[in-house]
1. Could you calculate the contour length gain from residue 108 to residue 55, that is, 0.36 nm times the residue separation minus the distance between their Cα atoms, to one decimal place in nm?
2. What whole-number volume per residue, in cubic angstrom, does the convex hull of the C-alpha atoms of region 73-126 give?
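Any read-out appearing in this document is the output of simple, stated calculations on the displayed coordinates, not a laboratory observation. Keep in mind that what you see is a predicted model, and the values were worked out from it rather than measured.
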Amino acid sequence: MHRIASVGLFSGLIATLVVVGCSSTNDGYSSVNQQPVEFADADAQVAYGVEVYTNSCAKCHGASGEGIDDAPRLVGGDAFADYHTAMDVAVFATQNMPPKKSARALMAERDYWAVLAFALSANGVELSEPVGPHNASDIVLNP
């Protein structure tokens with residue numbers, strides 16, 4: 001299990017992760033497309049996540065993930081306070097981020113997992129492998 005060691009280690013990030021291809025299940029989570037997340041390692045995924053965040057998320061959540069207007073903080077403080085695991089964040093984001101459904105349709109699954117990896121890393125979670133549907137439920141944000 002991974003736990004947040006220190007929140008706000010980096011100054012630019014997001015937790016707007018979306019998992020493409022989800023549907024409700026009896027356990028309250030979404031069933032996620034089980035295709036592999038194709039990155040050589042976690043560092044490569046995080047680096048790609050920075051690019052996606054900058055191009056797709058920073059406009060609303062701020063260059064440093066500080067939150068702007070109605071868009072919440074994604075880095076530091078209580079950024080993940082309402083979520084037990086990384087999968088919980090992914091499930092929420094899948095259904096709500098970006099706010100417009102047409103914008104969500106333009107994002108690839110690997111982009112959302114990369115943004116999640118970036119957000120986790122910026123909030124002090126050390127990833128030993130790329131984050132994806134196979135391990136997001138094991139990444140504990142709040143016990």
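1. Values: separation 53, 0.36 × 53 = 19.08 nm, distance 1.35 nm.
Working it through step by step, the gained length comes to 17.7 nm.
2. 79 Å³
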